[in-house]
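To start, the structure under review is shown below, and the notes come after it.
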There are 6 protein chains.
Amino acid sequence: MKTVEKFFEDFEMGETRSTSARTITETDIVMHAMHSGDWMPHHVDAEFCKTQPFKKPILHGNATFSIATGLCLQGEPLNPHGMTYGYNKVRYPNPVFAGDTIKVEVTVVSKQDDPKRPAHGIIIEGKTTTNQKGECVCYAEHVLYVEKRNV
Amino acid sequence: MKTVEKFFEDFEMGETRSTSARTITETDIVMHAMHSGDWMPHHVDAEFCKTQPFKKPILHGNATFSIATGLCLQGEPLNPHGMTYGYNKVRYPNPVFAGDTIKVEVTVVSKQDDPKRPAHGIIIEGKTTTNQKGECVCYAEHVLYVEKRNV
Amino acid sequence: MKTVEKFFEDFEMGETRSTSARTITETDIVMHAMHSGDWMPHHVDAEFCKTQPFKKPILHGNATFSIATGLCLQGEPLNPHGMTYGYNKVRYPNPVFAGDTIKVEVTVVSKQDDPKRPAHGIIIEGKTTTNQKGECVCYAEHVLYVEKRNV
Amino acid sequence: MKTVEKFFEDFEMGETRSTSARTITETDIVMHAMHSGDWMPHHVDAEFCKTQPFKKPILHGNATFSIATGLCLQGEPLNPHGMTYGYNKVRYPNPVFAGDTIKVEVTVVSKQDDPKRPAHGIIIEGKTTTNQKGECVCYAEHVLYVEKRNV
Amino acid sequence: MKTVEKFFEDFEMGETRSTSARTITETDIVMHAMHSGDWMPHHVDAEFCKTQPFKKPILHGNATFSIATGLCLQGEPLNPHGMTYGYNKVRYPNPVFAGDTIKVEVTVVSKQDDPKRPAHGIIIEGKTTTNQKGECVCYAEHVLYVEKRNV
Amino acid sequence: MKTVEKFFEDFEMGETRSTSARTITETDIVMHAMHSGDWMPHHVDAEFCKTQPFKKPILHGNATFSIATGLCLQGEPLNPHGMTYGYNKVRYPNPVFAGDTIKVEVTVVSKQDDPKRPAHGIIIEGKTTTNQKGECVCYAEHVLYVEKRNV
């Protein structure tokens, strides 16, 4: 495993990176329904979907979110000084259909101290997932605790 | 598909329901790594895990989140008046290991108007996922837009 | 897990319920071939299928049967007084193709005593799985042993 | 695809063959739950199972049935003169646990004419699936229509 | 498990057999990417593929190789006297797309002694996988050690 | 997708890199059996395995090979000047069991001209997959055609 020593001080507001892309398939929709147990008709009932605005099955929001997370991590070195605390504001502004190709742009949108944990700082990465037309299909704020080099 | 006609006015602060339970297996960890492409060593490298505080592989937070969502939906009727807007504050306070059994409690924690969309209200459901010891392993706030019966 | 206390006496001849629907995909055909190990060419060899009356791959009968069972159980409460004994007369009168949407209607078709087990009765549920055109693609008789409230 | 020309007349009462064996794993239980959508607690809730006679999760009967069918077909030549009509009397007399190894014995148990289809006969194969202790875990009667060589 | 007693002396140069066929699906491409972790854009990024000579995603070579191996083994008896040593010269001269149907022809292309192991001989099987147009999509030389009947 | 412009001249004999690690699970063995259709008893019949030298199921060699390839590609940039031609000498000197953790070391072991294609050179990468004890479980020679910068 490649590692990187990246402390709180090393993150810069606005620094950005983008991931490789992945085409979503019917298999991904079925696979997520199976694994999560979420069989809502918007995802797996094509006859129901014909009666809805989108006309065909859409990927589960949580699947977009999970796949976006995977794209962000592929090939990334492990930073032993950071730890995922959770996410803020997960939004799904547009649907993802089988055949769409998605990728993610990750930007540092916030750096702040945590009064309760002086040895750490809080980094928030904004993760914007877009489809092949450039439409945002998922926006999530990833909250990380990162050790400070100098406390 | 069973449906229910539940308008904004029909949600009550503090109303609660709980789901059935599901035991997480090694298969679930591997399956989520495969589907998401998140192969971080905390989930799939048992030798690395021996060097970490938890000693063994842990389920990906997003997998807990997706499975919790699936548990919440199993057997739930479709409400044509509600629409998922996203999530707030997704947190993973404790790890999930293979062999743990999780279930979810869903509580209405907020009802509010949206000045920009007078025909709808915003419902926030707090979803608390716990393991067999009663420890919280995931907390998420699910944000729903729900039509009002009387505008 | 939701439970229901339903004794033999509580079942009524002719009572019926229907399930939500699910669209069968190519993924389902491949997945069942993989899991069962049934790679007969009717399911997985498109060139062979072109020479057959149906012209394209069909879902395995047992997969229809398994998925139909899953549809029947989604959201159903657990009845501690009943136990599956098996099935009678499983039939596949029409094929299922990728793209078809199936659902199930369950009807109590028989209530009878079992001379050997006076504390129980035998309930037979007829499970009729239909596609989006209303054609029956699977008919199965589900045999349940159910405790009697008053023996 | 290997084929065999086997007509109704070529089946003999009592002829028998047995299959190779397959060990059932936790993966198989989870996979069947996922594919079928049958998440009943007997299969996927280890805490619930501790309160039941069997103490641990059991494989879904339909999964045993599907895997048994796959075992019966592995390496079998295609007989263009036969066609599955369905099954009679599917029974699950004993549970299957992760770690059990199952195999199938197939015996011709009935040969009969069908007054309505003089060009075909009905063959019934009894399929007995046993575990490593020799206990029967599934018994199914497979109903085949087979063309007659001489009508 | 059916077995066969086939010694080194029983293999004949040029002896050949062919397998049943299997249609490759989009599911197979996604499944192999997931299981292997190989998410190169040639397999899973449809937008990238539009810029390449083949225009659409292709199956991973290793997946063709694995599926070809599976086809070769289906229904084959176990020979306790042989053991896979490895492969020589695995080549992928043409791409495999979703929708292609592949099968394998296996031919004994070499029989030789191994000076270091006089009780065994080395058999090399040439495995030629072709698509529905007869184009070779994978060629592999399978190296087997086989016991001699008479040493 | 990150890319790198690496020509034939840029490869150096003996250059080496190593991958992150992955623990093989029972799920991986079952998954490969399912996807490839290779159900040989060494992989999926635990009772048979008890009679063999290794005593328990082993991962399919081709699965080790595929997973090793995936490990080699994770996080690697795409080199538009290189193309996989195939593999030489794939060997499986030691078995892989569920629970083993494998990683790969990739070394350039050969650089040669191809008289028939003067614009390209042939690079051979030796890929050595080892388990947590340092034993080699797969060795493969990966053959690449790489464009020359200066022809």
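Taken together, the values in this text are just the output of simple stated rules run on the coordinates, not laboratory data. Everything quoted here is computed from the prediction, not taken from an experiment. Here the Cβ positions follow ideal geometry from the backbone for every residue, glycine too, while neighbour counts run over all protein chains shown.
In table form, for the structure just shown:
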{"quantity": "Sparse-neighbour loop sites [chymotrypsin sites (Phe, Trp or Tyr not before Pro); region E:1-41; at most 12 other C-beta within 10 Å; DSSP]", "calculated": "none"}
{"quantity": "Pair A:M13, C:M13: separation of 7 Å Cα→Cβ label points (nm)", "calculated": "7.9 nm"}
{"quantity": "222 nm mean residue ellipticity, helices alone, for chain E (DSSP H n ≥ 4; -39,500 (n - 2.57); rounded to 500)", "calculated": "-6000 deg cm²/dmol"}
{"quantity": "Per-pair calculated FRET efficiency, R0 = 45 Å: A:E105 and B:L78 via Cβ, rounded to 0.05", "calculated": "0.85"}
{"quantity": "Rounded to the nearest 20 debye, dipole of region D:64-151 from Cβ charges on Lys, Arg, Asp, Glu", "calculated": "180 debye"}
{"quantity": "All aspartates and glutamates inside 20 Å of D:K55 as judged from Cα atoms, apart from same-chain residues fewer than 8 positions distant", "calculated": "B:E26, B:D100, D:E26, D:D28, D:D38, D:D45, D:E47, D:D100, D:E135"}
{"quantity": "For A:114-127, mean number of other protein chain Cβ atoms within 10 Å", "calculated": "0"}
{"quantity": "Gyration tensor verdict on the protein assembly as shown (Cα atoms; rounded if a/c is under 1.5, prolate if a/b is larger than b/c, oblate otherwise)", "calculated": "oblate"}
{"quantity": "Chain C residue with Cβ closest to the axis mapping C onto E, distance in whole Å", "calculated": "C:T27, 3"}
{"quantity": "Subset of F:K127/F:K148; E:K127/F:K111; D:K127/E:K127; A:K89/B:K111; C:K111/D:K89; C:K111/D:K133 violating a 26 Å alpha-carbon distance limit", "calculated": "E:K127/F:K111; D:K127/E:K127; C:K111/D:K133"}
{"quantity": "Model label zone, F:V4; criterion: amide N under 14 Å from point 7 Å along Cα-to-beta-carbon; scope region E:32-62", "calculated": "none"}
{"quantity": "Size of charge dipole - the protein assembly as shown - debye, nearest 20, with Cβ of Lys, Arg +1 and Asp, Glu -1, no other charges", "calculated": "0 debye"}
{"quantity": "Number of partner chain Cβ atoms within 10 Å, mean per residue of F:63-75", "calculated": "6"}
{"quantity": "Between region F:14-61 and region C:71-85, the alpha-carbon center distance in angstrom", "calculated": "37 Å"}
{"quantity": "Rounded tilt (10° steps) of A:26-36 against the dominant C-alpha axis of chain A", "calculated": "70 degrees"}
{"quantity": "Label point 7 Å beyond Cα along the C-beta direction, distances from B:E12 to other copies (nm, shortest first)", "calculated": "2.9, 5.6, 7.4, 7.4, 8.5"}
